[in-house]
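For reference, the structure discussed in these notes is given below.
The values are calculated or read from the model by the stated rules, or taken from the named source; none is laboratory data. This one's a predicted model, so the numbers in the text were calculated from it and none came from an experiment. Positions of Cβ are generated from backbone atoms using ideal geometry, with glycine treated the same way; all protein chains shown enter the neighbour counts.
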């Protein structure tokens with residue numbers, strides 16, 4: 001599937017050593033977080049519940065402890081390593097930081113860059 | 001028999017409507033000029049229905065239940081889905097569907113090796129919202145949306161995608177009523193990698209090579225060279241959306257495409273462009 005080096009190689013970006021590559025071949029299709037993000041984007045009521053009762057929502061979707069810790073810490077890189085689909089990772093950043101005007105220096109893009117790529121603000 | 005009056009393919013990245021002002025000014029101008037050319041080519045063909053092919057961004061098919069192709073059978077559609085509204089910065093819109101055409105494709109597909117899952121309640125994101133805003137600003141052309149799986153392995157092969165395009169064109173010409181004017185519109189690509197290791201990168205070398213291949217008008221060569229691995233190396237969570245362009249290529253036949261727009265739009269996190277296939281000469 002992937003022509004690059006395996007998932008434990010390091011990527012070099014903007015001169016910094018960043019985290020091991022994770023691509024679409026590394027997704028854990030049974031991971032509860034993948035189901036949760038899928039539904040939060042589809043269902044406005046589910047999104048409202050997520051915002052009103054964060055912990056209750058994590059429990060309702062039966063997330064593992066490791067997933068819950070990553071969500072609590074807003075550690076999007078950790079969610080990627082646990083097997084969340086890469087496409088969802090910036091959307092999780094938007095859940096926390098808003099989706100409007102989502103350019104490369106937006107709050108959501110910065111949260112992604114900080115927690116996935118380890119970039120300083 | 002119905003007529004295929006237009007086959008085109010174009011990028012749908014949300015930055016085009018959501019944060020275009022972040023791109024350099026000359027690039028903004030070239031992008032808007034390019035999408036205006038795509039609009040003009042589309043409108044000149046006077047289509048009355050679009051068969052659209054685009055990646056489902058994990059919005060209608062979850063990662064643990066994907067179909068290769070999911071066709072929309074409703075008589076009317078609306079977008080964007082609320083979650084995408086502020087991100088896309090496009091006003092809510094409605095567009096007619098075309099159940100009869102969708103049902104013809106579903107009925108006639110299997111005999112040609114092509115099967116569709118069906119839904120009459122698809123949610124739309126950038127996949128339709130961005131191209132429709134530019135091609136049909138009045139939302140007055142009906143749409144049969146075909147969502148496909150471009151980002152959850154195993155993906156449909158380029159060869160199968162090409163065959164799907166051939167089948168769609170054959171079915172439209174053989175089974176739809178005379179006078180129906182059908183546009184084939186693929187949306188997605190070019191190089192990008194939403195949320196993946198190349199999230200902030202655009203692979204201009206790959207994009208220009210891909211466009212040159214389409215311009216050469218040799219589908220066999222496209223299928224030999226544009227493998228899933230080749231696309232994935234240019235961004236494995238997004239560039240594979242070019243599988244939708246290969247569906248369009250199958251519908252166009254052995255003809256050269258013309259590139260109306262290309263920009264390596266780093267601020268939009270996407271290689272942005274569009275092509276139309278010249279349908280005037282008979283295919284070789």
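Listing for the model above:
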{"read-out": "Hits in segment B:211-234 (condition: within 14 Å of another protein chain (Cβ to nearest Cβ) and out of contact with any helix residue (DSSP H, G or I) (no Cβ under 9 Å at 6 or more places or on another chain))", "value": "B:229"}
{"read-out": "Any hit, segment B:235-256, residues being part of a strand (DSSP E or B), away from chain A (no Cβ under 14 Å), in contact with a strand residue (DSSP E or B) (Cβ under 6 Å, 6 or more places away or on another chain) and under 25 Å from residue B:57 (Cβ atoms)", "value": "no"}
{"read-out": "Residue in segment B:48-56 that is more than 18 Å from the chain's Cα centre (by Cα), crowded, with 20+ Cβ neighbours inside 10 Å and within 17 Å of residue B:134 (Cβ to Cβ) present", "value": "no"}
{"read-out": "Every pair of residues 6+ apart whose Cβ atoms lie under 6 Å, when the first sits in segment B:70-84 and is away from chain A (no Cβ under 14 Å) while the second is part of a helix (DSSP H, G or I)", "value": "B:71/B:102; B:73/B:99; B:73/B:102; B:75/B:99"}
{"read-out": "Criterion violated by residue A:84 - all others in (1) assigned to a helix (DSSP H, G or I); (2) more than 8 Å from chain B (Cβ to nearest Cβ); (3) buried (at least 17 other Cβ atoms within 10 Å of the Cβ) satisfied", "value": "(1)"}
{"read-out": "Qualifying positions in segment A:53-71 - over 24 Å from residue B:87 (Cα atoms) and outside any loop (DSSP other than H, G, I, E, B)", "value": "A:55, A:56, A:58, A:59, A:60, A:65, A:66, A:67, A:68, A:69, A:70"}
{"read-out": "Residue list for segment B:134-186, restricted to those being assigned to a strand (DSSP E or B) and within 14 Å of chain A (Cβ to nearest Cβ)", "value": "B:147"}
{"read-out": "Residue pairs meeting the criteria (Cβ under 6 Å; at least 6 apart or on separate chains; first more than 13 Å from chain B (Cβ to nearest Cβ) and closer than 23 Å to residue B:124 by Cα, in segment A:42-70; second modelled with pLDDT of 95 or more and buried (at least 17 other Cβ atoms within 10 Å of the Cβ))", "value": "A:49/A:57"}
